[in-house]
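Notes for the one structure printed next.
The values are calculated or read from the model by the stated rules, or taken from the named source; none is laboratory data. None of these values were measured; they are calculated from a predicted model. All Cβ positions, glycine included, derive from the backbone under ideal geometry; neighbour counts span all protein chains shown. Accessible surface is based on the protein model in full, side chains and every heavy atom, while ligands, DNA and RNA are left aside. Shrake-Rupley method; radii C 1.70, N 1.55, O 1.52, S 1.80 Å.
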Amino acid sequence: MKIQLFLFCFFGLLAFQTQAQFKYNDLSDTQKQQVKAIEGAYNTTTGLQSTITYNEYILEITFADQEKQFLPLVDIEAITINENNGNYSLKLHHKGGWDYGGLYSIMTKQKAETLKTELQKFLDNLEPFNEKTLADLCDAVRYLKTSKDDDNFYDFEYKMLRLAGITDMDNASYEEMKTKMSFLWKLHSNDFQCPLATNIYPNGNFLRQLARADGEDAFELVLDNYGFDPNVIDPDGCAVFDYLDAQITSDHSYAKILIEKFKKYKAILLKYDAKTANEICGCTKC
């Protein structure tokens, strides 16, 4: 299965979309000032004339020759200062165990400390999993729209890749995408939820939404290419396997074709070692 998918069928079911906080213009005035403070501190300490902006959870650093560097900002555990032949740089350490290098050619350690302080202020004020972002992601999963930024990707897929720190969609390796996306899902599966049910869609994590939307390509995409663990316990105490079992055996008088769809997704889950909540944690609620 290809990582990049063209959505070949879209039935026009559109929900009202909450504007997610992705772009620079969506930042608060305080956050914009903090980005400008990072830019000012960096240019002062390096003597460069770079432009720094924020775009989809990533700092974009553009130099006078138009060369760019990208510095992912989500799930950063620590910032360290590194020295090489008298020049200093900042390194951002991700909770997943990998590092991001950036903001190079700083002339003194003291100036590097100043820049680190300004960057940390912005990180402390960044809320990547805010209510607007998560509401937008929930709608994107349920309605399987393509991304406005790159129509080779589903909208939810593109946004999650940016949250995972993928800066170059076209050239990132399969291994990098799977490692970072599976860790993002593992760390934030409790955030990637739709808390409100509708007459069609359940509450619960994104795997439940994809099964109900009958997004088979997307369902296998996140399980296979991105390594999403299906054995996540939702706030109701159930896993996606329990949800599908409940729909198959329910007395809601689902049409036969819908029951067959639920069985199809249950069979897919079994290929990825999906379990019931009772098997996962000894829970008895489901």
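Of interest is the spacing of the C-alpha centroids, which for the range 41-62 and the range 113-181 amounts to 19 Å. The calculated FRET efficiency for Leu196 paired with Lys32, based on their beta-carbon distance and R0 = 45 Å, is about 0.90.
When each of the peptides 66-79, 205-218 is scored by the mean number of other C-beta atoms lying within 10 Å of its residues, the order from highest to lowest reads 205-218, 66-79.
Here is how the number arises for the chain: DSSP H runs of 4 or more residues each give -39500 (n - 2.57), the sum is divided by the residue count, and the result at 222 nm is -12500 deg cm²/dmol. Estimated from the Cβ-Cβ distance and a Förster radius of 25 angstrom, the FRET efficiency linking Ala246 and Asp217 is about 0.55. Listed cross-link partners Lys68/Lys145; Lys95/Lys180; Lys91/Lys111; Lys145/Lys271; Lys95/Lys186 are compared with a 19 Å cut-off, the Cα-Cα value being larger for Lys68/Lys145; Lys145/Lys271. As a rough guide to protection, the peptides 233-246, 262-275 ranked by mean Cβ packing within 10 Å, highest first, stand as 233-246, 262-275. Under the shape rule built on the C-alpha gyration tensor, where the axes satisfy a ≥ b ≥ c, the range 140-252 is prolate, since a/c reaches at least 1.5 and a/b is greater than b/c.
At a probe radius of 1.4 angstrom, the accessible area of the chain per residue rounds to 49 square angstrom.
Taking Cα atoms, how many degrees apart are the long axis of helix 174-188 and the longest axis of the chain, rounded to 10 and kept between 0 and 90? That helix lies at roughly 80 degrees to the long axis. Label zone of Asp273 (point 7 Å out along Cα→Cβ, amide N under 17 Å): in the range 222-256 this covers 223-233, 240-241.
Shape class of the range 73-191 from the Cα gyration tensor (axes a ≥ b ≥ c, square roots of the eigenvalues): prolate, since a/c reaches 1.5 or more and a/b is larger than b/c.
Would you please put 149-160, 50-61 in order of how densely packed they are, using the mean number of other Cβ atoms within 10 angstrom per residue and starting with the highest?
Ranked from most to least packed, the peptides come out as 149-160, 50-61.
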